[in-house]
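Let me begin by presenting the structure, written as structure tokens, before commenting on it.
The values are calculated or read from the model by the stated rules, or taken from the named source; none is laboratory data. Keep in mind it's a predicted model, so treat the numbers as computed, not measured. Positions of Cβ are generated from backbone atoms using ideal geometry, with glycine treated the same way; all protein chains shown enter the neighbour counts. The area values use the complete protein model at the heavy-atom level, side chains included, leaving out ligands, DNA and RNA. Shrake-Rupley method; radii C 1.70, N 1.55, O 1.52, S 1.80 Å.
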Amino acid sequence: MRLFLKVCGLFCIFAASCMLGFEMDHRLKRRWLFFQEVTESLQLLEKEMAWLRTPLPEALRSAAAHGTTAFSSMLISCAGQVAARDRRSFDEIWRECAAKEIPAGFLQEEEYQALLDVEGALCGADLVLQRTQLQKQQQRFGDLTERAKEEWQQKGTLCRRLSAAVGASLVIILL
């Protein structure tokens, strides 16, 4: 009975260690998917707003319909508040929605600032300037997407392997 409990405990230690590695890998992958969705949404918003001249709330809802990350929730929340036509500026609404929908610590400061800067591209009065700003933001988030993908591929594998190795070494030490 004592040996059985010891083996169960060792198994739990190993499993917990491996799960930590997989959680870290999953977090890195979510960041990559988030940036990928932002880039795709910006492309869709450019098409909707610059070419089809869709009103902002409808364009935001349309872009959010294709996503699955926190950015989609942010777009839906923002579209609802813009459509409500309260007396706040779009900048205030965008910042509030970003603070509410994007989990704290999910993005680095530079990445969060890039997300806040999208607001300037969305509410431009000049059509040519708006397209140019949207394209710049697409490029910016495209670069962030590539960087996050590389980070996920490198660090994610390393986290999984390292956590399994730590778990195995703990099991050996406790034997």
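Worth pointing out:
- I76 sits with roughly 100 Å² accessible to a 1.4 Å probe, with DNA, RNA and ligands left out of the calculation.
- Global geometry of region 34-76, whether rounded, prolate or oblate, following the gyration tensor of its Cα atoms and the 1.5 cut on a/c: oblate
- The angle between the Cα long axis of helix 70-84 and the main principal axis of the chain comes to about 30°, on a 0 to 90 degree scale.
- Charged-residue dipole, Cβ positions (Lys, Arg, Asp, Glu), region 67-147 about Cα centre, Debye nearest 20: 280 debye
- Relative to the dominant Cα principal axis of the chain, helix 157-174 is inclined by about 20°.
- For region 83-126, alpha-carbon Rg and Dmax in angstrom: 11.6, 35
- Cα-based Rg / Dmax (Å) for the chain: 21.7, 76
- Comparing S17, S41, S72 in a Gaussian network model of the chain, where Cα atoms under 10 Å apart are tied by springs, the biggest mean-square fluctuation is seen for S17.
- Residue order for L28, L3, L158 - accessible surface, 1.4 angstrom probe, largest first: L3, L158, L28
- For region 1-155, with +1 on Lys and Arg beta carbons and -1 on Asp and Glu, the positive-most of C12, F141, S77 along the dipole: C12
- Helices in the chain, meaning DSSP H runs of at least 4 residues, each add -39500 (n - 2.57). Divided by all residues, the mean residue ellipticity at 222 nm is -27000 deg cm²/dmol.
- Result for the chain in a Gaussian network model with C-alpha springs under 10 Å: among A79, A70, A104, the largest mean-square fluctuation is at A104.
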